[in-house]
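Presented below is the structure to which this report refers.
The values are calculated or read from the model by the stated rules, or taken from the named source; none is laboratory data. If you're wondering where the values come from, they're calculated on a predicted model, not measured in any experiment. In this analysis, Cβ positions are derived from the backbone assuming ideal geometry, glycine residues included, and neighbour counts consider all displayed protein chains. Heavy atoms of the whole protein, side chains included, go into the accessibility calculation; ligands, DNA and RNA do not. Shrake-Rupley method; radii C 1.70, N 1.55, O 1.52, S 1.80 Å.
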Amino acid sequence: MTRDQQQPTGGGTELGRYLRARRAQVTPAQAGLAPGAGLRRTPGLRREELATLAGVSIDYYARLERGRETRPSPSVVDALARALQLTPDEHEHLRTLAAHAARTAPDPPAAPSRTVRPGVKLVLESLRPSPAYVATRTNDLLAWNPAGLRLFAGIEEWPLKQRNLARYAFLHPAAREVFADWEHTLRGCVARLRALAGTDPDAPDLTALVGELLLKSPDFARLWERYEVKAHAFGRKTYHHPDVGTFTLGYQGMHLEGTPGHRLVTYYAEPGTPSHDALVLLDLTADHPVPHDSGPSRGRAPKTPEEAPFPPSGHRGQGQEG
């Protein structure tokens with residue numbers, strides 16, 4: 001576990017970490033400053049340079065970054081965002097961190113529910129043949145339709161509670177080949193977790209996953225230090241699937257009301273295109289999911305109703321909770 005994980009995770013400290021991380025990524029040239037003489041030990045802006053650009057005193061900014069000042073005004077937050085050249089999403093995250101830092105007694109984190117309502121499972125079924133799944137705020141897979149699970153080749157070989165999309169992207173040996181833009185996928189996974197860490201840094205589901213990935217993946221540790229917070233709720237992705245071939249799908253994520261941050265994500269393609277044909281094939285050729293206590297053998301039918309993640313009456317159904 002890194003020093004970043006061992007430090008206190010209170011709101012002020014998280015605000016300071018974010019400011020330090022973003023300051024390191026803005027060069028004097030990008031900020032319109034002369035490089036100056038001598039060797040720079042700071043990879044980005046110095047504290048005094050950022051303070052000057054934001055119109056605050058150097059002492060005030062230093063206390064803000066160290067967590068000793070926890071109530072920056074909205075105008076100071078906005079000035080820092082402009083000086084750091086933050087995107088709208090990053091600016092909003094800075095506002096959220098500032099609000100979190102001002103709390104004197106933050107609420108203790110509660111274990112988020114993993115329940116997926118029956119109606120949501122019916123929605124997943126109705127979306128076939130389009131791949132779709134429900135995930136927690138930390139990307140644990142809770143429910144899916146057949147193509148929604150098969151999209152991530154090899155993940156069905158993992159136990160149900162291990163099926164997390166960030167864990168898959170960083171640790172599964174197939175992920176680097178499955179995702180055409182693997183690096184972009186990794187950055188999106190980290191950005192979502194970093195955004196959650198800013199508002200709920202002590203959440204047990206978050207700290208357990210981040211701690212595991214920091215220990216097991218140098219790529220995760222590298223991206224975690226960058227502190228990017230932009231998560232992609234829609235877009236397009238290209239996949240190299242070992243069974244279906246290469247195809248490109250659009251995707252859309254939707255927050256599920258009445259849940260602790262659960263998202264429904266669905267993929268789509270224009271009918272009549274090769275990608276839509278691949279999407280349909282992915283659904284039609286879906287094997288029975290591998291039971292959680294079996295090895296990687298594919299295609300074995302579940303032996304009992306309790307073992308089957310799909311309803312035993314037919315092949316159309318949804319995944320159960322992880």
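From the phi of every residue in segment 218-226, what ³J(HN,Hα) in whole Hz does the Karplus formula 6.51 cos²θ - 1.76 cosθ + 1.60 yield, where θ is phi - 60° and glycine or proline is x?
Coupling constants for segment 218-226: x, 5, 5, 4, 5, 6, 4, 5, 6 Hz.
If you rank Lys121, Lys230, Lys161, Lys216 by how much accessible surface each has, with a 1.4 Å probe, what is the order from largest down?
From most accessible down to least: Lys161, Lys216, Lys230, Lys121.
Ignoring ligands and nucleic acids, what accessible area does Asp283 show with a 1.4 Å probe (Å², nearest 10)?
Result for Asp283: roughly 10 Å² accessible.
Label Arg46 and Thr199 with points 7 Å out from Cα along Cα→Cβ: what is the distance between them in nm?
Simple spin-label model gives 3.7 nm for this pair.
First select every other residue whose beta carbon is under 14 angstrom from the beta carbon of Gln85; then total the charges, Lys and Arg +1, Asp and Glu -1.
That works out to -1.
Thr238 accessible area, nearest 10 Å², 1.4 Å probe?
My reading of the accessible area for Thr238 is about 50 Å².
Could you order His240, His262 so the one with the most accessible surface comes first? Probe is 1.4 Å.
His240, His262
Amide H of Phe179: which non-local residues (sequence gap of 5 or more, or other chain) have their own amide H closer than 5 Å, using H built in the peptide plane?
Those lying under 5 Å, H to H, from Phe179 are His240.
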